[in-house]
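Student: After the structure tokens below, expect a handful of questions from me.
The values are calculated or read from the model by the stated rules, or taken from the named source; none is laboratory data. Predicted model only: the values in this text are computed from it and were never measured. Virtual Cβ from ideal backbone geometry, glycine too; neighbours counted across all protein chains shown. Please note that ligands, DNA and RNA were not included when accessible areas were found on the heavy atoms of the full protein model with its side chains. Shrake-Rupley method; radii C 1.70, N 1.55, O 1.52, S 1.80 Å.
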4 protein chains.
Amino acid sequence: VISDIAAIRKVMDKLAHPALLMVDTISSLGSVDYRHDEWGADVTIGGSQKGLMLPPGLSFNAISEKALAASKTAKMPRAFWSWDDMMEANKTGYFPYTPATNLLFGLREAISMLHEEGLPNVYARHIRHGEATRRAARAWGLELVCQNPADYSPVLTAIMLPAGHDADRMRGIILDNFDLSLGMGLGRLKGKAFRIGHLGDFNDLSLMAALAGVEMGLALAGVPHQKGGVDAAMQYLQECAASSTEARIAA
Amino acid sequence: VISDIAAIRKVMDKLAHPALLMVDTISSLGSVDYRHDEWGADVTIGGSQKGLMLPPGLSFNAISEKALAASKTAKMPRAFWSWDDMMEANKTGYFPYTPATNLLFGLREAISMLHEEGLPNVYARHIRHGEATRRAARAWGLELVCQNPADYSPVLTAIMLPAGHDADRMRGIILDNFDLSLGMGLGRLKGKAFRIGHLGDFNDLSLMAALAGVEMGLALAGVPHQKGGVDAAMQYLQECAASSTEARIAA
Amino acid sequence: VISDIAAIRKVMDKLAHPALLMVDTISSLGSVDYRHDEWGADVTIGGSQKGLMLPPGLSFNAISEKALAASKTAKMPRAFWSWDDMMEANKTGYFPYTPATNLLFGLREAISMLHEEGLPNVYARHIRHGEATRRAARAWGLELVCQNPADYSPVLTAIMLPAGHDADRMRGIILDNFDLSLGMGLGRLKGKAFRIGHLGDFNDLSLMAALAGVEMGLALAGVPHQKGGVDAAMQYLQECAASSTEARIAA
Amino acid sequence: VISDIAAIRKVMDKLAHPALLMVDTISSLGSVDYRHDEWGADVTIGGSQKGLMLPPGLSFNAISEKALAASKTAKMPRAFWSWDDMMEANKTGYFPYTPATNLLFGLREAISMLHEEGLPNVYARHIRHGEATRRAARAWGLELVCQNPADYSPVLTAIMLPAGHDADRMRGIILDNFDLSLGMGLGRLKGKAFRIGHLGDFNDLSLMAALAGVEMGLALAGVPHQKGGVDAAMQYLQECAASSTEARIAA
């Protein structure tokens, strides 16, 4: 699911709640629209390894004035996690500790790739893949973990297996047979759901490959389902491509 | 199509034909079984960029005693293509000209990957992908270029479009929409057929992605066809995975 | 300087001091002999980016039973730095958070390179480079930061500039002219000393290049010194190579 | 040695000689000034693996109208070497055969690196390294293969060993001890001379490393020589750096 950060902020403001609003954007930054300042986040955490299409190794904090002030009076002992040294060194473009220079070069290229495609196009691409994935899940007759359409995530779709079927066993079968690694259900959903990631460097055919792996895996694992998920997703992606072509021709 | 090298050799021997038998294995070496000595080839040519899963830049010759003798009396002027300097230098593990050392390291790794999977498994994988692709083509109601089942290729499947439909226009639509580059029809088939490569570093889901791109592209290009190609291929791959799992369990 | 860990341990044991002995091996692991268990360290910290010849991105902890027990009763709030989740996941070869998989592959290769050369040879190489660097410094008439020969470091040599000369200005001149980045003096030595690193993936000629850069930089920066540092180091490395060849021939 | 192409052209024109003027720039393109049109070359051949700082795998031809006309009437059988297919395909930015796409991306970056430094600076850098190398050779008391200063090469310096000393043995000793691969003497000079390449991605400290390897290798191989080659080169490079800094300050 996605979280409505602006709405949360509004409630906090209404209640004049003193808490800092921290947002974890690790799975979404660069794949889903996000506005630290406009939505009033105090601390935003991002990482290099998902929407920014890099190996793990970089993490980012955006911090509000309020968060910065709070950090100055906070009592919890900090060293590596302290912002002071980093902010001091960053003024001159340096780092207080050994930086992962190779990833910084990669980041420059990743950001340039995102701008080349255009952020609105990047976001639309992930929204499209979310919708295609949900259409596949519905065609299979499987339940989505996210029940509320307003909360659908453009980067990750979690799907329930029918009761009594082990999602992790199915994930293992799919990995063994098709070299496709699906996400596990987390917390209470462990073994009951699996997750399809459609974030970062991902296109229509990557998604079709993933959905084909799932549809075959459902059959191999003996999970009750209807055929037609791959077809439903493909039909939708084809319609999107058709309208996008028409839009280009009209423009 | 594949060529029955051993049969060609047999006919040449029967006729006591003096020609050298040269075999171009560039698209197949490392993806299809091939036996230079056993089948009696005189000159075999291979390259790094297909079944050996490397960038272009290396080419190989296997040569028979007969071919070597012929090269010694041949009158055609040669320099770079001459075997003499290469064979002299190769004795000590060197090359007469600047070798692409980086690709030789890559080749060592590629060969080790092929052996890790096991050559019989590699060959079976490509045969499976050829069959899945042909099932897709038949479901689409499209004609295969290769009419004789004995000649079906495990690495490449060429498919005819109905008369009056431009295969190159469809290839362009697929490239623009799905970033999938299909092979063009060659020679007389230019504009009339397209080719799906399923060689080298390729698995079931890569094929499903490619076939989904084609099925959507057929629709976007307005080429008359029936739906169901992707489904037919998926059904077949799933059955293969099921029997392969059963075989593993039985063993 | 290097620290005599075993001696520190001995003193701690003699005093029955309850403190944990933590050793930071980031600059030395893989370049200098180190024995966590034998020397009685409680916590050893290492990183990927120096002696292990990789980009930054991996860090390692070796921990004693005593340290583990202490961590279980420690009151300081921890999350990422907690060992519990890591040890639980490591049992099955996994990680509790997204691991830098690419660096783990690199680590496997780095370790195999170290073993191919042989750890005693690796250590001897760095000791040789330390001695060569100190001979250069002495020939230049510059003072070493490390005054006690027993504490000489095989991986890093810090050298004082004469009073009144700015080491950071000289480092800038060397970087601008020769693309050689020397380490800065740390803490009280900032601006007064510079450091030559000779650790990790480094050989005799890398060192000669670095020393030539320093000798030219001393002249360009107008730092009073005698010529002959490069010669002194080269003379020593040549003698080492000669005895090593003799030793090989004798064996 | 370098060849005075413009002078050769002038003589050919004076004699109204009908031969085509072919120039092999493989070792120099991108490191030494070269002007195909201005100097009147008919065919220029270049490669990716030297001054263009890439792996081997790309070769280039620049051809004059006269060469093109000659190729159309030439009788020698050609296939791969024929310009026709290449020129036809190049019109639309394509290639008649599988191109080494990865190297084309590398070429774009290499060219951009050369322009970033500025071609006059690139050429001056290699001229400087040639002079520094010759100063080292003279200090060693060794003879240069190139006797005429007007013919000195900025990219490669070939140096004679005293009679009775085996250059290839010395090259082997240097490779074994210092991982430095020097060029062998070619043709009549095999075993009598060795070559130091200073082309492509190369800076002052790379040269100092190479010269230190040679000076130590001369001693290890028991070749009679005087010390001081490394010092002489270093003295010269330091003076160049000093004037270059002065020039920058003046500007």
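Student: Identify the single condition in (1) in contact with a Ser or Thr (Cβ under 8 Å, 6 or more places away or on another chain); (2) within 14 Å of chain A (Cβ to nearest Cβ) that C:L52 does not satisfy, given that it satisfies every other one.
Tutor: Here C:L52 meets the rest and fails (1).
Student: Turning to a different aspect of this structure: Given the criteria open to solvent by 70 Å² or more (accessible area, probe 1.4 Å) and assigned to a loop (DSSP other than H, G, I, E, B), does D:A163 qualify? Reasoning before the result, please.
Tutor: Working: open to solvent by 70 Å² or more (accessible area, probe 1.4 Å): yes; assigned to a loop (DSSP other than H, G, I, E, B): yes.
Considered against the rule, which asks whether it is open to solvent by 70 Å² or more (accessible area, probe 1.4 Å) and assigned to a loop (DSSP other than H, G, I, E, B), D:A163 comes out as yes.
Student: Sticking with this structure for a sec: Looking at B:M113, B:M170 in this structure, which one is within 14 Å of another protein chain (Cβ to nearest Cβ) and either among the charged types (D, E, K, R) or buried (at least 19 other Cβ atoms within 10 Å of the Cβ) (or both)?
Tutor: Answer to the check: B:M170.
Student: May I ask you to list the residues in the range C:140-159 that are of a type in the set (A, V, I, L, M), over 23 Å from C:Q226 (Cα atoms) and open to solvent by 30 Å² or more (accessible area, probe 1.4 Å)? Lay out the reasoning, then the answer.
Tutor: Of the residues in the range C:140-159, the ones of a type in the set (A, V, I, L, M) are C:142, C:144-145, C:150, C:155-156, C:158-159.
Imposing the further condition that a residue be over 23 Å from C:Q226 (Cα atoms) reduces the set to C:150, C:155.
Across the range C:140-159, the qualifying residue is only C:A150.
Student: Among the residues of the range D:220-229, is any among the small types (G, A, S), on the phi > 0 side of the Ramachandran plot and either over 20 Å from the mean Cα position of the chain (by Cα) or open to solvent by 60 Å² or more (accessible area, probe 1.4 Å) (or both)? Lay out the reasoning, then the answer.
Tutor: So in the range D:220-229, the residues among the small types (G, A, S) come out as D:221-222, D:228-229.
Okay, now just the ones that are also on the phi > 0 side of the Ramachandran plot, so D:222, D:228.
Cutting the leftovers down to either over 20 Å from the mean Cα position of the chain (by Cα) or open to solvent by 60 Å² or more (accessible area, probe 1.4 Å) (or both) gives us D:222, D:228.
Looking for residues that are among the small types (G, A, S), on the phi > 0 side of the Ramachandran plot and either over 20 Å from the mean Cα position of the chain (by Cα) or open to solvent by 60 Å² or more (accessible area, probe 1.4 Å) (or both), one finds at least one in the range D:220-229, hence yes.
Student: If you don't mind, another one. So which residues in the range B:177-197 are within 27 Å of A:E117 (Cα to Cα) and in contact with a Ser or Thr (Cβ under 8 Å, 6 or more places away or on another chain), if there are any at all?
Tutor: Correct list: B:N177 only.
Student: If you check A:L107 against the conditions, is it within 11 Å of chain C (Cβ to nearest Cβ) and surrounded by 13 or more Cβ atoms within 10 Å (Cβ to Cβ)? First the steps, then the outcome.
Tutor: Values: within 11 Å of chain C (Cβ to nearest Cβ): no; surrounded by 13 or more Cβ atoms within 10 Å (Cβ to Cβ): yes.
Here the answer is no, as A:L107 does not meet what is asked.
Student: Within the range A:38-63, track down each residue that is out of contact with any helix residue (DSSP H, G or I) (no Cβ under 8 Å at 6 or more places or on another chain) and of a type in the set (G, A, S).
Tutor: Answer for the range A:38-63, where residues must be out of contact with any helix residue (DSSP H, G or I) (no Cβ under 8 Å at 6 or more places or on another chain) and of a type in the set (G, A, S): A:G46, A:G47, A:G51, A:S59.
Student: Now for a separate question. Write out, first by first residue and then by second, each pair whose Cβ atoms fall under 6 Å of each other, whose residues are 6+ apart or on separate chains, and whose first residue, in the range C:44-60, is more than 20 Å from C:F80 (Cβ to Cβ) while the second is modelled with pLDDT of 95 or more and of a type in the set (D, E, K, R).
Tutor: From residues that are more than 20 Å from C:F80 (Cβ to Cβ), the pairs are C:M53/C:D201.
Student: Could you go through the range C:199-220 and let me know if any residue there is more than 14 Å from chain D (Cβ to nearest Cβ), in contact with a Leu (Cβ under 9 Å, 6 or more places away or on another chain), of a type outside the set (D, E) and not in a loop (DSSP other than H, G, I, E, B).
Tutor: The answer is no; no qualifying residue exists.
Student: Can D:M76 be described as outside any loop (DSSP other than H, G, I, E, B), out of contact with any strand residue (DSSP E or B) (no Cβ under 7 Å at 6 or more places or on another chain) and of a type outside the set (G, A, S)?
Tutor: For D:M76, the condition - outside any loop (DSSP other than H, G, I, E, B), out of contact with any strand residue (DSSP E or B) (no Cβ under 7 Å at 6 or more places or on another chain) and of a type outside the set (G, A, S) - is not met.
Student: Can you tell me which residues in the range D:140-183 are more than 17 Å from D:H198 (Cβ to Cβ) and of a type in the set (V, I, T)?
Tutor: Selection gives D:I173 alone.
Student: Same structure again: Which of the strands (runs of 3 or more DSSP E) contained wholly in the range D:1-73 include at least 2 residues that are open to solvent by 20 Å² or more (accessible area, probe 1.4 Å)?
Tutor: Result: D:22-24, D:59-63.
Student: Any idea which of (1) at pLDDT below 95; (2) buried (at least 22 other Cβ atoms within 10 Å of the Cβ); (3) not hydroxyl-bearing (S, T, Y) is the one A:R248 doesn't satisfy?
Tutor: (2)
Student: Report yes if C:L180 is assigned to a helix (DSSP H, G or I), closer than 21 Å to C:P154 by Cβ and in contact with a helix residue (DSSP H, G or I) (Cβ under 6 Å, 6 or more places away or on another chain), otherwise no.
Tutor: No: the conditions fail for C:L180.
Student: Report, by residue number, each residue of the range B:74-94 that is within 12 Å of another protein chain (Cβ to nearest Cβ), open to solvent by 80 Å² or more (accessible area, probe 1.4 Å) and either modelled with pLDDT of 90 or more or within 25 Å of D:K75 (Cα to Cα) (or both).
Tutor: Across the range B:74-94, the qualifying residues are B:K75, B:M76, B:R78, B:F80, B:W81.
Student: Sort out which residues of the range D:221-244 are farther than 15 Å from D:L142 by Cβ and either more than 7 Å from chain C (Cβ to nearest Cβ) or among the hydrophobic types (A, V, I, L, M, F, W, C) (or both), and write them in order of number.
Tutor: D:M234, D:Q235, D:Y236, D:L237, D:E239, D:C240, D:A241, D:A242, D:S243, D:S244
Student: Restricting to the range C:177-219, name every residue that is open to solvent by 10 Å² or more (accessible area, probe 1.4 Å), over 23 Å from the mean Cα position of the chain (by Cα) and in contact (Cβ under 8 Å) with a residue 24 or more places away in the chain.
Tutor: C:N177
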